[in-house]
1. With θ set to phi - 60° and the Karplus curve 6.51 cos²θ - 1.76 cosθ + 1.60, what are the ³J(HN,Hα) couplings of segment 62-69 in order, to the nearest whole Hz, using x for Gly and Pro?
2. Can you give me the relative contact order of segment 1-105 as a percent, contacts being Cα pairs under 8 Å and 6 or more apart?
3. Could you report segment 24-94's accessible area per residue, 1.4 Å probe, as an integer in Å²?
4. From the phi angles alone, apply the Karplus equation (6.51, -1.76, 1.60; θ = phi - 60°) to segment 123-131 and give each ³J(HN,Hα) in whole Hz, x where the residue is Gly or Pro.
5. Which order do Val38, Val66, Val126 take when ranked by solvent-accessible area (1.4 Å probe, heavy atoms of all protein chains), largest first?
6. Roughly to the nearest percent, how much of the accessible area of segment 23-103 is carbon and sulfur, given a 1.4 Å probe?
7. Filter the GluC sites (Glu not before Pro) in segment 1-67 to those in DSSP coil with at most 14 other Cβ atoms within 10 Å of their Cβ, and list the result.
8. Name the chymotrypsin sites (Phe, Trp or Tyr not before Pro) in segment 63-162 that are in a loop by DSSP and that have at most 16 other C-beta atoms within 10 Å, would you?
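The values are calculated or read from the model by the stated rules, or taken from the named source; none is laboratory data. Just so you know, these numbers come straight off a predicted model, no measurement behind them. FYI the Cβ positions are ideal-geometry reconstructions off the backbone, even for glycines, and counts take in every protein chain you see. Heavy atoms of the whole protein, side chains included, go into the accessibility calculation; ligands, DNA and RNA do not. Shrake-Rupley method; radii C 1.70, N 1.55, O 1.52, S 1.80 Å.
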Amino acid sequence: IRNTEWLAGSGLAAGPRGVACDAGCRAFDVHGIVTDDVFVAGDVARSPHPLFGYQFLSLEHWGNAVEQAEVAAHNMINSGLDRRPYLWVPAFWSAQFGVNIKSIGVPPMGEEVVVTQGALEEDRFVVTYGLQGRVIAAVAFDQARWIDFYRRLIESAAPFPPAFPNVDRRAGGTRPIPADFPDPSLPSHGPTVTLSGYSPSERRLQFTPARA
């Protein structure tokens, strides 16, 4: 949960999803004009990404925070042509129940997904996500050595589904299927407060039998 409440009234483009900034980590104001003396880095920073339709993206991972902070610090003490953009491909890793998981790209943007290496039943595989005919992301389960390979596919807008000869294509995992990610613009959960219409001081008990 991005802690941006303290920026209310600051004039910056800050909200529940973070603070909007350009590729050089400079924050936007509420009118969409880039500032030249306010810089953003880490989980809270949202910047347009050329590989993903210039959508404003942020990444909650310590590696991203460290690398973006280095660019922000460089641009704070430099100006003009000496400044540099923060060029990144979203990535993170985790270990869950003894399984090493690594992700590259933006899987939730994928329209389709296909198993490109390994096998689901062996718990060692790579799934690749496609958007409008190109590779948009990949997630590896105990196949971490392939992440850099898929990074290059994403950066080069390689066609989806991938058609390279060294893919381990096993039965049942060669055809893309719909990714079926939920629409990110829609609420992902119900309300935390329900308006009942009753007085707060009035107590009511309603029994609803469970269905067989």
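1. 4, x, 5, 4, 5, 5, 5, 4
2. Details: 177 pairs, mean separation 20.1, N = 105.
After rounding, I find 19 percent.
3. Numbers: 4090 Å² over 71 residues.
Heavy-atom SASA per residue in segment 24-94 reads 58 Å².
4. 6, 9, 6, 10, 10, 10, 10, x, 9
5. Working: Val38 50, Val66 80, Val126 0 Å².
If we order Val38, Val66, Val126 from most to least accessible, we get Val66, Val38, Val126.
6. 60 percent
7. Working: sites: Glu5, Glu60, Glu67; in loops: Glu60.
Within segment 1-67, the qualifying GluC sites (Glu not before Pro) (loop, at most 14 other Cβ atoms within 10 Å) are Glu60.
8. Details: sites: Tyr86, Trp88, Phe92, Trp93, Phe97, Phe125, Tyr129, Phe141, Trp146, Phe149, Tyr150; in loops: Tyr86, Trp88, Phe97.
Listed in order of number, the matching sites are Phe97.
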